[in-house]
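Student: This structure is in structure tokens; I'll ask about it shortly.
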Amino acid sequence: MAILRFIIGACLGSFFCLVAQRIPQGQSILRPRSHCPTCKTFLSWYELIPLLSFLRQKRRCRHCQNELGFSYFTAELCCGMLFLTYPSLPNLHSFLWLLLSFVLALVDWYYLILEPKLFYFGTVLLSGIYLYQKGFIYWETSLYCLIISLFCGLFLKEALGLGDLLLLLAWSFWLPLRQFAALLMIACLSGLFAFLLIALLKPHQKELPFIPFLTLGLWVILLLN
């Protein structure tokens, strides 16, 4: 069962990459089917096997030999691991929450935005599921988050985007204050480490998406819950 969960997760990870790339551009997630971003050649089924196709083709398109990015491979691996940890998550809401966060993280990775269509629809859906399961929300966490958001919005506009603050405010209703603080600490520390590493490898890169690190923090605290 664990292997099957990983395979399903890896397949969905590949699909989530497609969703994250196309929805912000207003494109269909069904047509056209998967193709090379450079030569536009449609990919055969054996070129779409999660993880294995990337490794077998040595990170290159089989048709034009263009070098492919690591985003698909990383997404397939991470989503496979997410599905592996499903039995350790508290409930269905936590699992769906992580899936939504995962897709939003991919969009942020590609475009440095919080995709509104995915965010608002997903938040409303998750809020309904959460209230059905729990029947209460964490007002104290939300109040603290609102104060932090106002402070960051006024004085730290360049350091933290408004989309990140809006996402955190939505999440604050579903987490006790201690877990919310732990999420922020994990996200900030991992983000700082990644920023320093990228600064060494790619000094010209000035911006770094933050939602992937928020997703990492969320994943950790939900597993430890």
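Student: If you scan the stretch 105-121, which residues turn out to be in a helix (DSSP H, G or I) and in contact (Cβ under 8 Å) with a residue 24 or more places away in the chain? Reasoning before the result, please.
Tutor: Here is the first cut: in the stretch 105-121, the residues in a helix (DSSP H, G or I) are 105-111, 116-121.
Result: ALA105, LEU106, VAL107, ASP108, TRP109, TYR110, TYR111, LYS117, LEU118, PHE119.
Student: Which pairs turn up if I take residues in the stretch 20-32 that are touching a residue at least 40 places away in the same chain (Cβ under 8 Å) and look for partners that are surrounded by 11 or more Cβ atoms within 10 Å (Cβ to Cβ) and part of a loop (DSSP other than H, G, I, E, B) with beta carbon separation below 7 Å, at least 6 apart in sequence or on another chain?
Tutor: These pairs meet every condition: ILE23/ILE29; ILE23/GLU115; PRO24/ILE113; PRO24/GLU115.
Student: Among the residues of the stretch 14-46, how many are among the β-branched types (Val, Ile, Thr), touching a Lys or Arg at 6+ places or on another chain (Cβ under 7 Å) and modelled with pLDDT under 90?
Tutor: Number satisfying all stated conditions: 1.
Student: Suppose the filter is on the phi < 0 side of the Ramachandran plot and touching a residue at least 40 places away in the same chain (Cβ under 8 Å); does LEU92 pass it?
Tutor: yes
Student: If you check GLN27 against the conditions, is it polar (S, T, N, Q), under 30 Å from LEU168 (Cβ atoms), out of contact with any strand residue (DSSP E or B) (no Cβ under 6 Å at 6 or more places or on another chain) and part of a loop (DSSP other than H, G, I, E, B)?
Tutor: yes
Student: Quick one: in the stretch 37-66, which of the residues that are part of a loop (DSSP other than H, G, I, E, B) and within 23 Å of the chain's Cα centre (by Cα) is nearest to ILE7 (Cα to Cα)?
Tutor: Only one residue tops the list, namely PRO50.
Student: Please state which one of LEU156, LEU167, LEU160 is modelled with pLDDT of 85 or more and either under 21 Å from PRO212 (Cα atoms) or in the same structural domain as ALA187 (by TED's automatic domain parsing) (or both).
Tutor: Answer to the check: LEU167.
Student: Kindly establish whether PHE195 is free of Cβ contacts under 8 Å to residues at least 60 places away in the same chain and buried (at least 22 other Cβ atoms within 10 Å of the Cβ). Steps first, answer last, please.
Tutor: Details: free of Cβ contacts under 8 Å to residues at least 60 places away in the same chain: yes; buried (at least 22 other Cβ atoms within 10 Å of the Cβ): no.
For PHE195, the condition - free of Cβ contacts under 8 Å to residues at least 60 places away in the same chain and buried (at least 22 other Cβ atoms within 10 Å of the Cβ) - is not met.
Student: Further, regarding this structure: Could you list, in sequence order, the residues of the stretch 72-104 that are assigned to a helix (DSSP H, G or I), among the polar types (S, T, N, Q) and either surrounded by 15 or more Cβ atoms within 10 Å (Cβ to Cβ) or modelled with pLDDT of 95 or more (or both)? It would help to see each step written out before you state the result.
Tutor: First, pick out the residues of the stretch 72-104 that are assigned to a helix (DSSP H, G or I): 72-84, 86-88, 92-104.
Checking the rest, the ones that are also among the polar types (S, T, N, Q) come to 74, 88, 94, 101.
Listed by number, the residues that qualify are THR74, SER94, SER101.
Student: If we scan the stretch 2-9, do we find a residue that is over 17 Å from LEU99 (Cβ atoms) and aromatic (Phe, Trp, Tyr)?
Tutor: no
Student: Within the stretch 53-63, how many residues are of a type outside the set (Gly, Ala, Ser), on the phi < 0 side of the Ramachandran plot and either modelled with pLDDT under 80 or surrounded by 13 or more Cβ atoms within 10 Å (Cβ to Cβ) (or both)?
Tutor: Matching residues across the stretch 53-63 total 6.
Student: Still on this structure: Can LEU150 be described as outside the structural domain of CYS36 (by TED's automatic domain parsing) and loosely packed, with under 14 Cβ neighbours inside 10 Å?
Tutor: Against the criterion (outside the structural domain of CYS36 (by TED's automatic domain parsing) and loosely packed, with under 14 Cβ neighbours inside 10 Å), LEU150 qualifies.
The values are calculated or read from the model by the stated rules, or taken from the named source; none is laboratory data. Given the structure is predicted, the values throughout are model-derived calculations rather than measurements. Virtual Cβ from ideal backbone geometry, glycine too; neighbours counted across all protein chains shown.
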